[in-house]
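Here the structure is laid out as structure tokens; the discussion comes afterwards.
The values are calculated or read from the model by the stated rules, or taken from the named source; none is laboratory data. The model shown is predicted, which means the values in this text are computed figures rather than measured ones. No Cβ is skipped: glycine too gets one built from the backbone with ideal geometry, and neighbour counts run over all protein chains shown. Side chains included, ligands, DNA and RNA excluded: accessible areas come from the protein's heavy atoms. Shrake-Rupley method; radii C 1.70, N 1.55, O 1.52, S 1.80 Å.
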Amino acid sequence: MDFANSTQLFGLEHVYWQLPLVAYPFLSGLVAGSFIVGSLSHVFGLKRFEPLAKMAIIVTLAFLIGAALAPLAEAWQRERFWELITRDHFPYSPLGMFIIVWIAYVILVLVEMYFLFRQDNIYLAQHGRGWRKTWHGLLTFGSRNLSEPSLKRDHTILVCLAAAGIVLAFAFHGYVGFVFGALKARPLWSSPMMPVIFLISAIVSGIAAMITVYTLIQGGLGEKPVDSDILDGLMGLMKWAIFVDLFLDLIELLTSGVRSYASLPVYRGFSAIFFSSGPLAFNYWVVQIGLLIVVLVMTFVRPLRRSLAGSNIAAFLALVSVFAMRYNTVIGAELQPKASQGLVRYTPTWFGMDSWQVVIGLFAIVVFLVSLSLLLLPWERSWTASWSNEGAAVPVLPGAAAGHAAGPKKGGTS
Amino acid sequence: MATKNSDLDPGGLSRRAILKGLMGVAAGAAMPLAAHAALQSGPPARKAGTGLPPETQPEPSLDPRKNPSWEGWNNPRLGPTNGWSDASESAAWTTILNPDGLAIYHDRFYRIPESHPKHHWVMVMDTRKCVGCQACVVSCKSENNVPLGVYRTWVDVYQTGDTVPDPEGDVVLDGRRYRMDAKVVNMPKICNHCAHPPCVEVCPVKATFKRQDGIVMVDPRLCIGCGTCVNACPYDARFINPVSQVADKCTFCVERVDAGLLPACVTSCVGRARVFGDILDPNSEVSHLLARYPHSVRHPEFGTDPQVFYIGESGDISTDPDPNVQHMVFTYTSNANSNVPGGVDVI
């Protein structure tokens, strides 16, 4: 039996955390990033991004569920998942901490969704057709109050929730970085930079994902055409996130790729894996760094920034770059042997446990959840109208007027 | 032979005739085999009546994931009466892991010395006496049913030094004489049962624990197999057991230690290089050895405070990643391109 080339056997120096654990920080990065984008209109008063709020919260929830499934897909006894709650090693284990932050995040997102969709749900509970009347009635939890003070209270609650959510988003994704950063046995993981690097690239990928989702949903299903101002704004945000991300990449390179500055194990691992003849050299220099620089250049070109194709190509490249960064960080550090010499061999497989199949499946679950929410939740006001008894007539909700009245006072523009 | 002859025949036979000839030869060759098989199938039929399934099984797969029964983990011959029914399995594991009900620790390991434990088990590797025979690896596999491809203990063999020119040397190459100025180092490696084990602290479900007497173990009933502890161990002492699919590691043969016996690797060590004992007992052999000889531990820089001590290794006893400094002549690592000097950037 050819042990050396067998991916079947474990043995010493095996890459135990494979592709699902690459997808895990990627998915949770999209959670953090899309939530922060969604909160822009509430917390930072950027009224321009108000149409993104509902979309962002649904995408956040879908990615949040996908993010929790990824480490479970990696676990060999995943049917014992309930132990994560009943026997949680809080607060000593990074993964044990993660489950607490995750549950808190899910609760927060659900509550925020309730308040975001409350007006439309109440309207549909009163005027909806067929099963929608019952379904949206359930979603209102019996509340039918659409008075001016209650809408103002909604707005206050949403601002508070979004602010708390941003803190949680930072905690959530920072902790994903810490899951790796806490393992001192791997020199390339054991770095205080880890949570910060993960967080900033999370914001890059989150903004990129919002560009793609906004184009798909608004362009495909929305009433109004895609607003190039929103694309422009998101690309502008992405520019600054990429600046910080590249800066952190440079720091990482200086502190681990230069022999004079880095500790010996870190330098040895980094240079053997990412330098000229290393197994991940192309993945690091071309895909992770190179594509990010290409996207950065694209965000400076005004016609590209405002065009549908240009911004979406940039978003796609940014997503590929961030996925490569996750791959380099997670797999790269595991290629450095702990008790022997050389580099650990690893080739991702297409089918079976820990393969691309699992990653594609995780993304399919996310896409399915987003699609399901298209059917079950009124993303747009025009849908509310078409789902109600009044037909195509756009309803004039009392909340819509109140919301616009409150808007200029808060934001100052619009 | 038949084809050869027909090829040589200048007149040329028809293709059908060649095929007929081939078939005849094949049938002739098969006859003795069939007779052999008939003889072989005789005895088991007569032996039947022991109540056990037949010993011979059709070509078991060597991949433990395809064939979980091959080592007895899931052996169909172990019935409920052997103490491994579903109901009694849980009780059996409690007996194996902690029969005396010692306190167990998942974090804050400084409480262990404060709790005044009765014993503190340590191992001393006297590498001056290790001959690299690998008997400990075999006995560990046999004692603990360790599946193929994974190891609870292993002995890496290195060679340090070089072949140097020497007019008196016994190696002659291209008319010049050389001498092997090299040293072979045998490094028995095992779980260090660290005083501050990072693998235990990172477990999200408190499945792995450190017993009051210092032994670090995994409870296979609780482990979710997430692999965090495997990655957190700086010594690569943990693995996911491909058969039970939970984290697995050296237990110092806890069931033997609790019964007053020595670990299997210690009893099988031909040179008495492995010494096991209670460091709290000043008269134990380990206490004597550690008081008498300078000793070191693997990777002290991680701050894990290993409890497996090495005597007879001057200087660094960790593996040097540079094969030009320390050439690994024998390794259990099947997944790395060890022994390939070009594979590592050595600056």
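Along its first, second and third principal axes, ordered by size, segment A:204-251 spans 45, 16, 7 Å in Cα coordinates. Can you bin segment A:169-213 into rounded, prolate or oblate? Criterion: square roots of the alpha carbon gyration tensor eigenvalues sorted a ≥ b ≥ c, rounded for a/c under 1.5, prolate for a/b above b/c, oblate for the rest. Note, shape of segment A:169-213 comes out prolate.
With a ≥ b ≥ c taken as the square roots of the eigenvalues of the C-alpha gyration tensor of segment B:265-327, please select rounded if a/c is under 1.5 and otherwise prolate if a/b is larger than b/c or oblate if it is not? The shape class here is prolate. In a reduced charge model with +1 at each Lys and Arg Cβ and -1 at each Asp and Glu Cβ, chain A shows a dipole moment near 580 debye about its Cα centre.
Comparing A:Gln288, A:Gln341, A:Gln218 in a Gaussian network model of chain A (Cα springs below 10 Å), the most mobile by mean-square fluctuation is A:Gln341. For segment A:15-83, the Cα gyration tensor yields ellipsoid semi-axes of 31, 12, 7 Å (square root of five times each eigenvalue, largest first, whole Å).
Each peptide in A:174-185, A:40-51, B:119-130, B:92-103 was scored by the mean count of other Cβ atoms within 10 Å over its residues; highest first, the order is A:174-185, B:119-130, A:40-51, B:92-103. With only the Cα atoms considered, chain A has a convex hull volume of 160 Å³ per residue. Neighbours of B:Val216, meaning other residues whose beta-carbon lies under 9 angstrom from its beta-carbon, give a summed charge of +3 when Lys and Arg score +1 and Asp and Glu score -1. Using a cut-off of 30 Å between Cα atoms, the listed pairs B:Lys118/B:Lys206; A:Lys338/B:Lys206; B:Lys118/B:Lys189; A:Lys54/B:Lys206; A:Lys54/A:Lys133 include A:Lys54/B:Lys206 as exceeding that distance. When the Gaussian network model of chain A links Cα atoms closer than 10 Å, the mean-square fluctuations of A:Asn145, A:Asn283, A:Asn312 top out at A:Asn145.
Centre-to-centre, using Cα atoms only, segment B:186-229 and segment B:264-282 are separated by 21 Å. Neighbours of A:Gly177 by Cβ distance under 15 Å: Lys/Arg scored +1, Asp/Glu scored -1, total 0. In degrees from 0 to 90, rounded to the nearest 10, what is the angle of the helix A:398-411 Cα long axis to the longest principal axis of chain A? On a 0 to 90 degree scale, this one is about 60. Between 0 and 90 degrees, the angle of helix A:148-181 with respect to the longest Cα principal axis of chain A falls at about 10 degrees.
For chain A, modelled as a GNM with alpha-carbon contacts under 10 angstrom, which of A:Gly361, A:Gly33, A:Gly142 fluctuates the most? Judging by the Gaussian network model, the answer is A:Gly142. Peptide A:138-145 is shielded by partner chain Cβ atoms: per residue, an average of 0 of them sit within 10 Å of its Cβ.
Using the Cβ of A:Leu231 as centre and a radius below 12 Å, the other residues enclosed give a net charge of +1, where K and R count +1 and D and E count -1.
For segment A:121-163, the set of chymotrypsin sites (Phe, Trp or Tyr not before Pro) satisfying both a DSSP loop assignment and a count of at most 14 other C-beta atoms within 10 Å is given as A:Phe141.
The Cα-based radius of gyration of segment B:222-289, divided by its Kirkwood radius, gives an Rg/Rh of 1.07. With the cut-off at 1.5 for a/c, could you classify segment A:220-346 from its C-alpha gyration tensor as rounded, prolate or oblate? Here segment A:220-346 falls in the prolate category. When the other protein chains are added to the chain by itself, burial of at least 30 square angstrom of heavy-atom accessible area (probe 1.4 Å, ligands and nucleic acids ignored) affects these residues of segment A:337-383: A:Lys338, A:Ala339, A:Ser340, A:Gln341, A:Gly342, A:Leu343, A:Arg345. To the nearest ten degrees, helix A:19-43 and the longest principal axis of the Cα atoms of chain A are 40 degrees apart.
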